[in-house]
Amino acid sequence: MSLLEDMATALMAGKANDVKELVQKAIDDGLEPGTILTEGLLSGMNVIGVKFKANEVYVPEVLIAARAMKAGMEILQPKLTEAGVEAIGIAVIGTVKGDLHDIGKNLVCMMLEGAGFKIVDIGIDVEPEKYIEAAKENNAAIIGVSALLTTTMTNMKAVVDAVKASDIAGSVKIMVGGAPVTQAFADEIGADGYAADAASAADLAKSLLPA
Ligand code: B1M
């Protein structure tokens, strides 16, 4: 197996220390940072995403793989910055006002990061205005809103309405998700997209980027 294949395999197995060492070795061997990212780390994370969607791996495996991805990125990120490799897009993600659940939201952040996005995680219990401020500050292409309660999912509409009334309307897409949320609800409140799980969220976010 090649070094990059070994890296993808170690990432899928969640072996953070091995991933770190392999990333360092790839850098020392003179591989391009962008190649290390796409053919090593992202390639492993993509497989995890596909398996997660197919119920072949579950939340703990995804979290462990994402932690390994993060460990590799800590070493690779400075090289990517030096080489001018840019994220495919910036996504601001938070759990809606009144809602403190963040496990699913964190998983979505990790999968989007694994798909090549820069993530601005604005946390839990987020007011509509904070999504807009963060999107403006970071020039985000996507706002992601998570809700786990039937009592807080209704607050998602306030985020959609506030974005639509703001000066970033048209330049940012809004995606929603969380256990009680459905495609019908997303359509009803005027969101641009809905995803049922973290792997689908990464696919959706990519599809929402401007062509
Ligand atoms: Co809460 N809780 N909880 N809870 N909690 C639920 C959601 C509940 C279904 C439990 C139950 O009664 N059976 C219920 C909601 C009922 C309802 O509204 N219909 C509930 C309740 C009632 C409450 C409290 C009100 C309890 C109380 O205090 N009386 C309270 C509310 C607090 C608040 O938010 N204001 C509360 C509190 C908590 C804890 C703090 C104890 C804890 C949260 C810890 C944390 O998140 N840091 C907690 C937990 C852990 C749960 C359960 C057990 C697990 C949720 C979870 O993390 N799932 C949950 C019951 C259950 O689901 N079995 C429950 C795993 C996670 C990976 O899945 O979040 O669905 P999920 O995310 C998925 C997808 O939904 C999707 O991708 C993720 C990964 O595939 N997704 C997105 C999520 N966000 C997305 C965004 C996207 C796209 C996809 O785009 C932006």
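The values are calculated or read from the model by the stated rules, or taken from the named source; none is laboratory data. Worth saying up front: this structure is predicted, and the values here are computed from it rather than measured. All Cβ positions, glycine included, derive from the backbone under ideal geometry; neighbour counts span all protein chains shown.
What the table below lists for this structure:
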| item | result |
| --- | --- |
| Condition broken by Thr81, with the remaining ones in (1) part of a helix (DSSP H, G or I); (2) surrounded by fewer than 18 Cβ atoms within 10 Å (Cβ to Cβ); (3) at pLDDT 95 or above satisfied | (3) |
| Some residue of region 148-158 being within 29 Å of Val47 (Cβ to Cβ), within 12 Å of the ligand (Cβ to nearest atom) and not basic (Lys, Arg) | yes |
| Any chance Leu37 is touching a helix residue (DSSP H, G or I) at 6+ places or on another chain (Cβ under 8 Å) and in a helix (DSSP H, G or I) | yes |
| Identity of the residue in region 159-170, under 22 Å from the mean Cα position of the chain (by Cα) and touching a residue at least 12 places away in the same chain (Cβ under 8 Å), that ends up farthest from the ligand (Cβ to nearest atom) | Ile168 |
| Pair list, Cβ under 6 Å, 6 or more apart: region 92-111 residue of a type in the set (S, T, N, Q), other residue in a strand (DSSP E or B) and near the ligand (Cβ under 6 Å from one of its atoms) | Thr95/Ser146 |
| Residues (away from the ligand (no atom under 13 Å from the Cβ) and farther than 23 Å from Lys20 by Cα) located in region 55-71 | Glu56 |
| Which listed residue is touching a residue at least 60 places away in the same chain (Cβ under 8 Å) and crowded, with 21+ Cβ neighbours inside 10 Å, from Ala135, Ala140, Ala147, Ala115 | Ala115 |
| Residue match in region 23-42 (condition: more than 22 Å from Asp203 (Cα to Cα) and basic (Lys, Arg)) | yes |
| In region 1-34, the residues that are assigned to a helix (DSSP H, G or I), farther than 24 Å from Lys118 by Cβ and basic (Lys, Arg) | Lys25 |
